[in-house]
Structure formats: structure tokens, C-alpha cells
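Nothing in this text is a laboratory measurement; each read-out follows from the coordinates by a stated rule. Given the structure is predicted, the values throughout are model-derived calculations rather than measurements. Cβ coordinates were reconstructed from backbone atoms using ideal geometry, including for glycine residues, and neighbour counts include every protein chain displayed.
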Amino acid sequence: MSSGNANLDLAGFDLDSSVQLRDFIFAQFAEDLGRMTSSTSTATPLKHAFEARVVDVKSPKSDINALILDYLTMEGYPKAAAKFSKEANLRPQQDGPLITARQEIKDAILNGNIEVAITALNELEPEILDKDPKLHFSLLRLQLVELIRQCNGGDITPALDFATKKLAPRAAMNQDFLKDLEKTMALLIFPHDNLAPELGALLRSDLRQTTATKVNEAILERQARRREAAIRQLVRMRAWAETSARSKKKDLPDRIELGLFGEDGDYHENGHEPMITT
């Protein structure tokens, strides 16, 4: 699973129940897991011996809570993280203002306000873009895409000026940058309602999402944290393990759940301490 998957929109979500929040998040990752493995059957098979073994290994509530708080913190949901940490009686993993700052940068990118995002990023971590030319170019390229989007069918001067001053000097020093710039400038030539797939992809929200994820990861790394939430790593490991087992013809049920719920959908305590996720 790429790091951009399972990015949740919690803006309108009811955060009154930590259980509902947990179920909502895990449901998204369960969908991703289904796409990553061959566990796609929707039938209700008979109980498999493997499932009986799984029943004996339940995830403790403390571990589940730690995963949820880690996800909310790393992905930049400050209000949800603060509320969940209080309800779950967990120490916050990062100060609220730092999470809020990351969230504001991420939201600016997702809304196409790239100049605002760059300014906020420079205020939060002034050295990130200087030390990561590829990330800097990605942001500037996205800003160019937004300018082209705005001038479609109209005055293209702002986009041309921006490309000439901000992107061309960088592209002249890097062949990959040059190819990306040339592809982006093609958006000025062809009608946006009839673009080749590789050009149309530049105008889809996926590019904003990918860039926002990369920026968030860069900030986390700069702040001496992991680049992504622990649950993303766990789901990738879980998918790899299942795929590997199936390739070796191991005896497995047709469908294997994510494994973070009991049969009743509730937590299962076993007295363990919360796992370390920072």
C-alpha cells in the first residue's frame, strides 16, 4: 500500500465515540488490505483451522488505542487526537500546535493553495525545502498546475512567468525535473476536457494528495519522527505475510480479516502495556 492510501476525511465525522472513530479508521485500512491481497471472497465459509488459532491471539485494547492515536497524530488530526487521547487515557504523542501546523499545510495543498502551503512550511521548518530539492520542485510544479487550471482558456501569462522564473532554472539542472516541467507545460496546449491519461492525471486531486503526503512525511522526519503512521507499516507487513503464505500454498481461509477486531467487534484486553509507536 502506498503511503497515500487510507487518508481519511474526518471533517464531518462524529468524534463523540472513540469506538466509532476506531471502527471508521480500521474499516478504511481493511478495504486497502483487501486490494493488496487475494482475500476478496464475499462468501461466508465454514470456520477454518487458521481462524481458531487467530482467536487465541487477540490485540489488546491498549495496543489498538495506541495505533489509533498514532494514526491521528501522524496524519495531522489535532482535534481528534486530543479527544481520543483523553478518552483513551493516553499521553499525547505530539503537541497540539505542531499537529495543527501540519494539518494547515496539508489542507492548503489539498485545496490547491500551494503558495500558502509553501509559506507556512518555510515558517514551520525553514530548512526542509532547501535540503530537499525534489520536494521543493514537486510543490512548485503543483503550484504551476494550479495556475494553469485557473487560466484554462484565458490569459496564460501568469503560468508562463511562474514557470520561467521558478521552475525553468531548476529544470535546467535536472533531467527528471525537465521532463516533469515539459509534461506540465503541455497542459497549456491541449484542451483540458480531452487530455491524454498521463496529462489528465496532473489535474486530478491525486497529485495534490500525493504531494501533501510527501510534505507531511518530510515534516515528520525533520521533527525526528517516523515518516508515516505505524498502522500503515503493519498493514503492509500483514499483506506481505498473507501473499507470501498463499504463494507457498499454505492452508489459509479464502478471506482473512484485518485482525484488529474480535468477532463481536469489540476490544480484547489481555493486560499488556501499550506498544511503543513513537
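Under a 5 Å amide H to amide H cut-off, with H placed in plane at 1.01 Å, what residues pair with E228 once short-range neighbours are removed?
Amide H to amide H, under 5 Å and 5 or more residues apart or across chains, E228 pairs with nothing.
Just subtract the alpha-carbon distance of L160 and T100 from 0.36 nm times their residue separation and send over the number in nm, one decimal.
Numbers: separation 60, 0.36 × 60 = 21.60 nm, distance 3.40 nm.
That works out to 18.2 nm of additional length.
FRET efficiency for W240 and T210, Cβ-Cβ distance as r, R0 = 22 Å, nearest 0.05?
So the FRET efficiency works out to roughly 0.45.
May I ask which of K79/K165; K131/K166; K83/K106; K131/K165 have a Cα-Cα span longer than 28 Å here?
Result: K79/K165 exceed 28 Å.
By the scheme Lys and Arg +1, Asp and Glu -1, what is the net charge of all other residues having a beta-carbon under 15 Å from that of F190?
Summing Lys and Arg as +1 and Asp and Glu as -1 gives -1.
How much length would be gained if the chain were fully extended between K250 and L203, taking 0.36 nm per residue of separation minus their Cα-Cα distance, in nm to one decimal?
My answer for the length gained is 12.5 nm.
Taking K86 as the anchor, which lysines have their alpha carbon closer than 17 Å to its alpha carbon, excluding any fewer than eight residues away along the same chain?
Straight-distance partners of K86: K61.
Could you work out the local net charge near L178, counting Lys and Arg as +1, Asp and Glu as -1, over the other residues with Cβ closer than 12 Å to its Cβ? Write down the numbers at each step before the final one.
Details: positive: R141, R170, K179, K183; negative: D176, D180, E182.
Residues close to L178 contribute a combined charge of +1.
What does the C-alpha gyration tensor say about the overall shape of the range 120-249? Classify as rounded when a/c is under 1.5, otherwise prolate if a/b is larger than b/c, or oblate.
Judged from the Cα gyration tensor, the range 120-249 comes out oblate (a/c at least 1.5, b/c at or above a/b).
Within 10 Å of each candidate Cβ there may be at most 14 other Cβ atoms; applying that plus a DSSP loop requirement, which trypsin sites (Lys or Arg not before Pro) in the range 109-214 survive?
Taking the range 109-214 and a limit of 14 other Cβ atoms within 10 Å, the loop trypsin sites (Lys or Arg not before Pro) found are R204.
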